[in-house]
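Worksheet for the structure shown next.
The values are calculated or read from the model by the stated rules, or taken from the named source; none is laboratory data. Fair warning: this is a prediction, and the values are worked out from it, not measured in the lab. Virtual Cβ from ideal backbone geometry, glycine too; neighbours counted across all protein chains shown. Ligands, DNA and RNA are stripped out before the accessible areas are found, and what is left, the full protein with its side chains, is counted by its heavy atoms. Shrake-Rupley method; radii C 1.70, N 1.55, O 1.52, S 1.80 Å.
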Amino acid sequence: MASIFNALHIGYSGLNASQVGINTTSHNITNAESEGYTRQRVVTAAATPTSMAPGNVGNGTEVTEVKRIFDNFVFDRYSSMASSKEFSDFEKKTLEELSTYFPEIDEVGIKADLKEYYNFWQTFSDNPDNDSIKLALVKQTETLANHISQTQDQVLRLQSQVNDQLKVNIDEVNSIAKELADLNKAIDIAESGGGYDANDLRDKRNVLELSLSRLVGANTSYGQLESNIQIDSSSNTKTGSYTVSINGFNIVDGATYHPIHISKDDNPNGFYEMSYERQDGTLIPMGEVIKGGKVGAILELRGKTLATDSGVPSDGVLQNTVSQLNAFAKGLIESTNNLYAQGPKTYMESNTINVKPTSSLFNSELNLKEGSFEVVVYDIDGNEVGAREININIATTMTGVAGSNSIEGQLSAQIDDNNDANANNDVDDFFVNGFSYTPNETGGYTLALSMDPASKSKGYTFSIRDVLKDEGLDSGSNFAGALGLSRFFDGNNAKSMRVNADIQADPDSLRAGVSNLSGDNKVALDMVQSQYEKYNFKVGRDVFNTTSYGMFDVISTGVGTVTNAAIFKNNTVTAQFSATEFEYASISKVSIDEEMTNLIKYQTSYGAAAKIITTIDQMMQTLLGIKT
């Protein structure tokens, strides 16, 4: 027979259940705005009854557990979309910044400067002896070169900033991974022995998992999944083994973590390299492994693969822009210098050349073509007195004995260039000891061609003229342009591009023709024509056969295209993310209206349970009254 004290215990169990319900509801309400907090629900059940005649007598209620309402399937989708959103946001922001460097509208930008540059060559060809026009041409060339150089500086600075962010974000990944490992240990302790779920610790873990997904697109794996249908039809819990991985590389394994190594110490250009350390200590490059999250976007923009020799990325949107700008500038520099070498000189000196004296000229990065060029000698009146054709093929070297397949050998060979049976007035006679190919302080070599002092004193000059295979200015050997002989432009890429120092110091030295004769404008006319000529612009393995205008259009249009694509993609990803976020919030986030309803429900239950207690108290007073 159940005693009156059993009824008192039943009332107490009701009070306790209602109190736990009120505590849990209050916990939900106060954490409604806490990041990553998942609403919790109290699970109650009838206590084990007492068996007696005439049947089982109830013993009240008991709280079996407090569960969070959490759907792992929805959270996985949410994490995946968060990774895509972070990738897309960073990509869009960076490319929008990049696009501002190419304001090719309303006659503003590099292309407008390029048009004006060629317009000044046209004006110079009409007035080849006008010193003020020479000065104006030099100033416009400075404007063009500075604009190209500054734009390249901006792109390189943006790439450097993105590279620096890689280090910051990988450090954060390692910090989160360590925190996750420590948190897993705390969860294992809290839930050991089949105890209750560590709801708040699991919430913290989900916040860290989401952060890793946003940073590197990390995936979380568990041993098994358990459904909690009695809590909510969408609620389930993952238990068992725990790993966090990036495309198969585990960075968290239970209570241990494996940091990602990142360093730029061995990179000559300061680009960070990432690696994963295996258990045997072997470092595996991770540049191409991380494809999601903010870090994935950083690598996609900066470049994932680093060249083993230079340490510079060989891919990436920003690096591609850098390479294209360099190709554009190099093409403009070489085509201009190749034409300007037709002007009269008594001395020419090349840029640094990384080719050994007896090695093939084609075993280098020089933009040479098989063909030939002429060394042309002029007298003091501008008359051509001789021309020596120098052939270049795949076996041609820089130095060699007279008559050999070398630049020196062909220049010094005793040939009757004038067909006048006079052995003392041929091209080689004007270059006695005038060929020099010597090492310089940078580790390369410098080619110098100088007119014989006696010939120089008599007013003789020389020039280099490409032998064209057809009417195209790019059909020659490009010898003078590739080596930088008789330069109008100094430098060999977008960053180093500038007006030749001698011309900048003395604009009057600028020549419009192939001789010193007044009115000669052959070189200036070729410069004007060059804007319509197609050249080969090499970007890695790609070759763009187009004009200088066309090459710049490739760059600016490419930047505009990828930026627009990123914007459209971001709009789509943002819409998908918002939908997934709403779905996740509808399941796991706290609804204040719902919690206030639950608070009233538990308050009522608490009052009813208290009524049971007061009723039992009155019954006990009655019993005590009978006894007295």
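Are any of the residues in region 472-479 touching a residue at least 60 places away in the same chain (Cβ under 8 Å), part of a strand (DSSP E or B) and open to solvent by less than 40 Å² (accessible area, probe 1.4 Å)?
No, the conditions are met nowhere in region 472-479.
Which of the residues spanning region 358-403 are among the charged types (D, E, K, R) and part of a loop (DSSP other than H, G, I, E, B)?
The answer is GLU365, LYS369, GLU370, ASP379, ASP381.
Could you list, ordered by first residue, the pairs with Cβ atoms under 7 Å in which the first is in region 269-290 and in a loop (DSSP other than H, G, I, E, B) and the second is open to solvent by 80 Å² or more (accessible area, probe 1.4 Å), at least 6 apart or interchain?
Pairs that qualify, where the first residue is in a loop (DSSP other than H, G, I, E, B) and the partner is open to solvent by 80 Å² or more (accessible area, probe 1.4 Å), are GLY270/LYS264; PHE271/LYS264; TYR272/LYS264; GLY287/GLU273; VAL289/ASN247.
Kindly establish whether TYR606 is open to solvent by less than 50 Å² (accessible area, probe 1.4 Å) and in contact with a helix residue (DSSP H, G or I) (Cβ under 7 Å, 6 or more places away or on another chain).
The answer is no for TYR606.
Taking region 100-144 only, how many residues are open to solvent by less than 30 Å² (accessible area, probe 1.4 Å) and touching a residue at least 40 places away in the same chain (Cβ under 8 Å)?
Total meeting the criteria: 14.
Which residues, taken from region 219-248, are modelled with pLDDT of 70 or more and in a loop (DSSP other than H, G, I, E, B)?
The answer is ASN247, GLY248.
Are any residues in region 495-514 open to solvent by less than 10 Å² (accessible area, probe 1.4 Å) and closer than 21 Å to SER364 by Cβ, and if so, which ones?
MET497, the sole residue that qualifies.
In the set LEU468, LEU447, which member is within 42 Å of the chain's Cα centre (by Cα) and free of Cβ contacts under 8 Å to residues at least 40 places away in the same chain?
LEU468
Give the number of residues within region 453-471 that are surrounded by fewer than 17 Cβ atoms within 10 Å (Cβ to Cβ), on the phi < 0 side of the Ramachandran plot and part of a loop (DSSP other than H, G, I, E, B).
Residues flagged as surrounded by fewer than 17 Cβ atoms within 10 Å (Cβ to Cβ), on the phi < 0 side of the Ramachandran plot and part of a loop (DSSP other than H, G, I, E, B) within region 453-471 amount to 5.
If you go through region 552-561 one residue at a time, do you hit one that is in contact with a helix residue (DSSP H, G or I) (Cβ under 9 Å, 6 or more places away or on another chain) and either at positive phi or open to solvent by 80 Å² or more (accessible area, probe 1.4 Å) (or both)?
no
Given the structure, is MET527 under 36 Å from the mean Cα position of the chain (by Cα) and surrounded by 18 or more Cβ atoms within 10 Å (Cβ to Cβ)?
no
Check VAL295, VAL355, VAL322 and return the single one that is closer than 19 Å to LYS495 by Cα and β-branched (Val, Ile, Thr).
The match here is VAL322.
For region 255-284, enumerate the residues that are on the phi > 0 side of the Ramachandran plot and surrounded by 14 or more Cβ atoms within 10 Å (Cβ to Cβ).
None; the set is empty.
Determine if region 483-490 includes at least one residue that is over 30 Å from VAL317 (Cβ atoms), among the charged types (D, E, K, R) and surrounded by 23 or more Cβ atoms within 10 Å (Cβ to Cβ).
Looking through region 483-490, at least one residue is over 30 Å from VAL317 (Cβ atoms), among the charged types (D, E, K, R) and surrounded by 23 or more Cβ atoms within 10 Å (Cβ to Cβ).
Check THR442, THR438, THR446 and return the single one that is part of a strand (DSSP E or B) and exposed (fewer than 14 other Cβ atoms within 10 Å of the Cβ).
THR438
For region 300-310, which residues satisfy the criterion of being out of contact with any strand residue (DSSP E or B) (no Cβ under 8 Å at 6 or more places or on another chain), surrounded by fewer than 23 Cβ atoms within 10 Å (Cβ to Cβ) and not hydroxyl-bearing (Ser, Thr, Tyr)?
GLU300, ASP309
Please enumerate the residues belonging to region 532-543 that are of a type in the set (Phe, Trp, Tyr) and within 23 Å of the chain's Cα centre (by Cα).
PHE537
Can you run down the residue pairs with Cβ atoms below 7 Å, 6 or more apart or on separate chains, where the first is in region 396-422 and closer than 22 Å to LEU368 by Cα and the partner is open to solvent by 30 Å² or more (accessible area, probe 1.4 Å) and aliphatic (A, V, I, L, M)?
Final answer for the pair search is ASN405/ALA395; GLY409/VAL401; GLY409/ALA402; SER412/ALA402.
Within region 147-169, can you find the residues that are touching a residue at least 40 places away in the same chain (Cβ under 8 Å) and over 30 Å from ALA218 (Cα atoms)?
Matches in region 147-169: ILE148, SER149, THR151, GLN152, ASP153, GLN154.
Could you give me the residue pairs with C-beta distances under 6 Å whose first residue belongs to region 591-614 and is on the phi > 0 side of the Ramachandran plot, whose second residue is small (Gly, Ala, Ser) and in a helix (DSSP H, G or I) wherever it lies, and which are 6+ apart or on separate chains?
none
Please count how many residues of region 31-51 are charged (D, E, K, R) and buried (at least 17 other Cβ atoms within 10 Å of the Cβ).
The qualifying residues number 2.
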